[in-house]
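No value in this document is a laboratory result; all are computed from the given coordinates. Model, not experiment: these values are computed from the prediction. Here the Cβ positions follow ideal geometry from the backbone for every residue, glycine too, while neighbour counts run over all protein chains shown.
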Amino acid sequence: MLSDCGVPWVILGHSERRALCGEDSATVGKKVGHALAQGLRVIACIGETLAQRESGEMFAVLEEQMGAIAENASDWARVVIAYEPVWAIGTGVVATPAQAQEVHAFLRAWVGGRSGEAVAASLRLLYGGSVNDANCVELAGQPDIDGFLVGGASLNGGAFVKICNAQASAVRR
Ligand SMILES: O=C(CO)COP(=O)(O)O
């Protein structure tokens, strides 16, 4: 139905779907496979809760979420991963550039180990969670942050344009 309407992209695995609609990783993975089979492009979201981060489970949680997506990612060129720590979504508490970079580097290396360096290098990794026009440039300057999934700040035109241009204006390390 979506592709019939000319919709090119779907967002899957958002933390609200996982928490409020009971979508587990296996379900998200199946939806990724189905969307790709229908010719859609996918933004697949993953992210840990604050409790998971604080108890040291973060990387295991992310790996479990990524595993289900990777099993169904028949074409990585049509899949974008969005790292959205649950504690940062809509809270005004943004991950620090170092926190986000740590996870993004982990995810790129994880995909590299599974699908090879070429796939890892071309993988697009977005950060989402309280991105705004004040924090976007520093986040965009991190080597493994390729762009953003923006919620609240997209309602402010001026802020959103600055976020869209952040990658270009960031000083790459
Ligand atoms: O969930 C988000 C985008 O999917 C992020 O929302 P905020 O940018 O408002 O935190």
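Let's see if you can work this out: charge +1 on each Lys and Arg Cβ, -1 on each Asp and Glu Cβ, no other charges. What is the dipole magnitude of the chain about its Cα centre, in debye to the nearest 20?
I would put it at about 420 debye.
By Kyte-Doolittle mean hydropathy of at least -0.5 and Cα axial length of at least 20 Å, which whole DSSP H helices of the chain are selected?
The qualifying helices are 58-72, 97-115.
Taking the stretch 90-166 on its own, what percent of its Cα-Cα pair distances exceed 18 Å?
40
Using 1/(1 + (r/R0)^6) with R0 = 30 angstrom and r between the beta carbons of residue 99 and residue 41, what's the FRET efficiency to the nearest 0.05?
The value I calculate is 0.65.
Among 82, 1, 130, which residue has its Cα positioned farthest towards the positive end of the charge dipole of the chain, with +1 placed on the Cβ of Lys and Arg, -1 on the Cβ of Asp and Glu, and the dipole taken about the Cα centre?
Comparing the listed Cα positions along the dipole, 1 ranks first.
Hey, how much of the P(r) for the stretch 128-173 falls beyond 16 Å, as a percent of Cα pairs?
The calculated P(r) of the stretch 128-173 puts 25 percent of pairs beyond 16 Å.
Between the stretch 88-134 and the stretch 27-78, what is the separation of their alpha carbon centroids in Å?
13
Would you grab the residues whose amide H sits under 5 Å from the one on residue 128? Only those 5+ places off in sequence or on another chain, please, with H modelled 1.01 Å from N.
Those lying under 5 Å, H to H, from residue 128 are 83, 84, 149.
Report the label-to-label distance for residue 60 and residue 20 in nanometres (one decimal), using points 7 Å from each Cα along the Cα→Cβ vector.
Distance between the two pseudo-spin positions: 2.9 nm.
Roughly speaking, what is the stretch gain from residue 118 to residue 138, that is 0.36 nm per residue apart minus the C-alpha to C-alpha distance, in nm to one decimal?
Working it through step by step, the gained length comes to 4.6 nm.
Per-residue counts of other Cβ atoms within 10 Å, averaged by peptide: what ranking do you get for 40-49, 102-111, 68-77, highest first?
40-49, 102-111, 68-77
In square nanometres, what is the average projected area of the Cα convex hull of the stretch 14-173?
So the Cα hull casts an average projection of 9.3 nm².
In the stretch 22-41, which residues have a backbone nitrogen under 11 Å from the label point lying 7 Å from residue 74's Cα in the Cα-to-Cβ direction?
Counting only backbone N, you get 33-40.
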